[in-house]
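All remarks here apply to the structure that follows.
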Amino acid sequence: MAAVCSLVLLTGCAAGAHSESDTAYADRQGPIVIGTDTSAESRAVAALYGELLTHAGQRVRMAATSYPSPAAAAKAVVAGEIGLAPAYESTLLRTFPGGQILPGNMPATLSMALPVGIVALPPAVAQRGVVLAVSPTTARRHDLHSLADLQEAGGRLALGGSAAGTPDAPTPSSLKEAYGVTLTPAGTSATADVLALRGTDPVITRDGLVVLTDPAGVIPPEHVFPLVQAPDAGLAARNALARLNSALTTDQLAALAAAVGSGESPSEAALTWLRSKELLS
């Protein structure tokens, strides 16, 4: 919780990129405009939102351009440039700091961080947050299952990875405080024994990495959820989007992101997945 609390002291600084047609969104009646950031995860989730809403009889369209970051997309919803975008919990708290932290109550915490008229709908199981992972060989050698297990081998392991420098990644000092673990910073990802990665990184599945559990909650949550303008958050829209909540896991999101990242159109990937889960019946 201390890690989550510290997030509200930080500010998101990414600026949004958008078309003139999107900026007029708040001043006109029309379809729900769905925006995304540039990541494959965001584009895939936005396509899921669009298909579910369309199937529920809602009029939607995708924003003409993508925003450069999740923070920028969230700011665009708040500014009224778009009506809906995928958002992530800790990123949102960094982007809109100053609200009161209610331990164990993330929905209320998000609600207090957002201005009036902006709604954080319930999240999916899926997260795009940072995880710490090790190779199968390292896991077997040191009997690693959770971050607490690193204490026995900590002095012999180095921490690195593609997400090691992100704001929500644990640092060696935070791991030492929470778990009594001593890890040394790795010079490169290639020399790291413990990898800080996004939970949707395809390398986790490709290399069969073992994701270590975090019983102390050092790593803040980053569940994906719909951030929406209140006028677009009617009962039909809420019910449609809620169909994702238990079905969309981190592994499922990773697979969708991999498909979109490989060139499949987000709408095709979304439709295929939704039909496979019987969510459009």
Are there any helices (runs of 4 or more DSSP H) wholly within the stretch 161-279 with 2 or more residues that are in contact with a Phe, Trp or Tyr (Cβ under 8 Å, 6 or more places away or on another chain), and if so which?
250-261
Take the stretch 46-82 and flag every residue that is assigned to a strand (DSSP E or B) and either farther than 20 Å from GLY234 by Cα or not β-branched (Val, Ile, Thr) (or both).
ARG61, MET62, TYR67
Name the residue that is farthest from ARG43 (Cα to Cα), counting only residues in the stretch 242-264 that are surrounded by fewer than 16 Cβ atoms within 10 Å (Cβ to Cβ) and without any contact (Cβ under 8 Å) to a residue 60 or more places away in the chain.
ASP251
Residue list for the stretch 226-239, filter: buried (at least 22 other Cβ atoms within 10 Å of the Cβ) and among the hydrophobic types (A, V, I, L, M, F, W, C)
LEU227, VAL228, ALA237
Quickly run through the stretch 35-91 and pick out the residues that are crowded, with 20+ Cβ neighbours inside 10 Å, within 16 Å of TRP273 (Cβ to Cβ) and of a type in the set (S, T, N, Q).
SER42
For ALA153, the lone unmet condition from (1) surrounded by fewer than 15 Cβ atoms within 10 Å (Cβ to Cβ); (2) without any contact (Cβ under 8 Å) to a residue 60 or more places away in the chain is (1)
Yes/no for ALA164 being of a type in the set (A, V, I, L, M), touching a Leu at 6+ places or on another chain (Cβ under 7 Å) and touching a residue at least 12 places away in the same chain (Cβ under 8 Å)
no
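Of the residues that make up the stretch 130-148, is at least one within 20 Å of the chain's Cα centre (by Cα), of a type in the set (Val, Ile, Thr), surrounded by fewer than 19 Cβ atoms within 10 Å (Cβ to Cβ) and at pLDDT 95 or above? Before the answer, list the steps.
Of the residues in the stretch 130-148, the ones within 20 Å of the chain's Cα centre (by Cα) are 130-133.
If we keep only those that are of a type in the set (Val, Ile, Thr) too, we end up with 130-131.
Remaining after also requiring surrounded by fewer than 19 Cβ atoms within 10 Å (Cβ to Cβ): none.
No, the stretch 130-148 has no match at all.
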Can you tell me which residue in the stretch 32-73 is nearest to the chain's Cα centre (by Cα), limited to those that are farther than 14 Å from VAL224 by Cβ, polar (S, T, N, Q) and at pLDDT 95 or above?
SER69
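Taking the stretch 125-137, which residues are touching a residue at least 60 places away in the same chain (Cβ under 8 Å) and either over 26 Å from HIS223 (Cβ atoms) or part of a strand (DSSP E or B) (or both)?
Going residue by residue through the stretch 125-137, those that are touching a residue at least 60 places away in the same chain (Cβ under 8 Å) are 125-136.
Result: GLN127, VAL130, VAL131, LEU132, ALA133, VAL134, SER135, PRO136.
The values are calculated or read from the model by the stated rules, or taken from the named source; none is laboratory data. Since the model is a prediction, treat every value here as computed from it, not as a measurement. Heads up, the Cβs are rebuilt from the backbone with ideal geometry, glycines too, and the neighbour counts pull from every protein chain shown.
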